[in-house]
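Engineer: This is the structure, below, for whatever I ask next.
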Amino acid sequence: MADATKIEWTDATVNFWWGCTKVGPGCDHCYAETQSNRFTPGHWGVGAPRRKIASAGKLLNRLDNDYAWWAADAQIGKLHPNLRRRVFVQSMSDLFDLEVPLEWFAEAWGKIVQCDRLDIQIVTKRISAVEKRLAAIGVNTWPKHAGLMITVVNQAEFDRDVPRLRSLKRRMSLPWIGLSAEPLLGPIVGDFSDLDWIIVGGESGRGARPMHPDWARSIRDQCAAAGTAFFFKQHGDWIAFYDRDIDDPDWRRCPRVDDQMGRGAERYHNLAGGTGFHGERVLAMRNVGKAKAGRLLDGVEHNAMPRAA
Ligand code: SF4
């Protein structure tokens, strides 16, 4: 639990507990599990006890009260008339994890509802559990200052979960909804028209898989057409150093790659996610690490966010 964060799209994070169970390919290299294991291992998996963070409620209240101080400051108020701090709740777990004791969830939800001077950002991989969990604590309404994002990493997850998100938005009047496409593991094409925000990022850390930059470009362009806010978080550890269509149209200068996965490794990557010198939009990619790969997409930093509630 900490309010300082390196996550580019939020001002702060608050965690009411650590721990989770992996539910899909986006969880394969869960950064939260890696981080948690450095301090207290044993909180991931079916039946593993989650680690409660007792001070989380106080921290959320402090952030909420800070806002009152900021807003009362004439100079800050003048510079940022619509200033609201965005707080990502549960960066080290999933708020709708059904293995968490119900009273922990009830406490977290109560604080989320109470702290309405913040823009609360919730991100879940368990969209089908949201209403069930709320009903279990007797809740059937949604706060106006909390947005819901779902993680989708490929087309299959988009097709399965976005209709559920839309349905929930209609029934509970969610103020903003969106997608966290991180780690993006394949191309996604769809109707973005009623999505307010899409965050895209490639994978970083141990075992990171490459993200084809055309996947991100396609989502960027679909967002522009739909009027959806687009935030490009990072390329991840891999960056292209050879584009067959541009650098080598007659296929005579293809580089040798080692087809490995760690830092310094090189591999081919095509639009469908396959490896090998075949397929559409073949690139050669190198694992240079997240910092070097950066977060510019075609030379542009994309930092759009949904409008405050
Ligand atoms: S849902 Fe999130 S916190 Fe849980 S295992 Fe997957 S990536 Fe990790």
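The rows are residues; the columns are (1) outside any loop (DSSP other than H, G, I, E, B); (2) within 15 Å of residue 124 (Cα to Cα).
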position	(1), (2)
18	yes, yes
22	no, yes
26	yes, yes
38	yes, no
41	no, no
58	yes, no
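Engineer: Something else: Check off (1) assigned to a helix (DSSP H, G or I); (2) within 15 Å of the ligand (Cβ to nearest atom) for residue 62 and give me the number that stays unchecked.
Structural biologist: So the condition that residue 62 fails would be (2).
Engineer: Please enumerate the residues belonging to segment 16-30 that are closer than 14 Å to residue 43 by Cα and more than 6 Å from the ligand (Cβ to nearest atom).
Structural biologist: 16, 17, 18, 19, 21
Engineer: In the list 284, 293, 216, which residue meets the criterion of being in contact with a His (Cβ under 7 Å, 6 or more places away or on another chain) and buried (at least 20 other Cβ atoms within 10 Å of the Cβ)?
Structural biologist: 293
Engineer: Give me a count of the residues in segment 138-162 that are more than 15 Å from the chain's Cα centre (by Cα) and of a type in the set (S, T, N, Q).
Structural biologist: 3
Engineer: So how many residues does segment 31-48 have that are surrounded by fewer than 18 Cβ atoms within 10 Å (Cβ to Cβ) and either within 13 Å of the ligand (Cβ to nearest atom) or not basic (Lys, Arg) (or both)?
Structural biologist: Residues flagged as surrounded by fewer than 18 Cβ atoms within 10 Å (Cβ to Cβ) and either within 13 Å of the ligand (Cβ to nearest atom) or not basic (Lys, Arg) (or both) within segment 31-48 amount to 12.
Engineer: For segment 210-217, does any single residue satisfy the condition of being out of contact with any helix residue (DSSP H, G or I) (no Cβ under 6 Å at 6 or more places or on another chain), touching a residue at least 60 places away in the same chain (Cβ under 8 Å) and assigned to a loop (DSSP other than H, G, I, E, B)?
Structural biologist: Yes: segment 210-217 contains one or more residues that are out of contact with any helix residue (DSSP H, G or I) (no Cβ under 6 Å at 6 or more places or on another chain), touching a residue at least 60 places away in the same chain (Cβ under 8 Å) and assigned to a loop (DSSP other than H, G, I, E, B).
Engineer: Something else about it: In segment 97-128, what residues are surrounded by fewer than 16 Cβ atoms within 10 Å (Cβ to Cβ) and within 16 Å of the ligand (Cβ to nearest atom)?
Structural biologist: 98, 99, 128
Engineer: Residue 179 is checked against (1) within 23 Å of residue 33 (Cβ to Cβ); (2) not in a strand (DSSP E or B) and fails just one. What number does that condition carry?
Structural biologist: (2)
Engineer: May I pose another question? With respect to residue 221, determine if the residue is modelled with pLDDT of 95 or more, under 30 Å from residue 10 (Cα atoms), touching a helix residue (DSSP H, G or I) at 6+ places or on another chain (Cβ under 7 Å) and among the charged types (D, E, K, R).
Structural biologist: It is false that residue 221 is modelled with pLDDT of 95 or more, under 30 Å from residue 10 (Cα atoms), touching a helix residue (DSSP H, G or I) at 6+ places or on another chain (Cβ under 7 Å) and among the charged types (D, E, K, R).
Engineer: Does residue 148 count as free of Cβ contacts under 8 Å to residues at least 40 places away in the same chain, in a strand (DSSP E or B) and in contact with a helix residue (DSSP H, G or I) (Cβ under 9 Å, 6 or more places away or on another chain)?
Structural biologist: In short, yes.
Engineer: Which one of these does residue 135 not meet: (1) over 23 Å from the mean Cα position of the chain (by Cα); (2) in a helix (DSSP H, G or I); (3) surrounded by 14 or more Cβ atoms within 10 Å (Cβ to Cβ); (4) modelled with pLDDT of 95 or more?
Structural biologist: (3)
The values are calculated or read from the model by the stated rules, or taken from the named source; none is laboratory data. Computed from a prediction, not measured in an experiment: that's the story for all the values here. Virtual Cβ from ideal backbone geometry, glycine too; neighbours counted across all protein chains shown.
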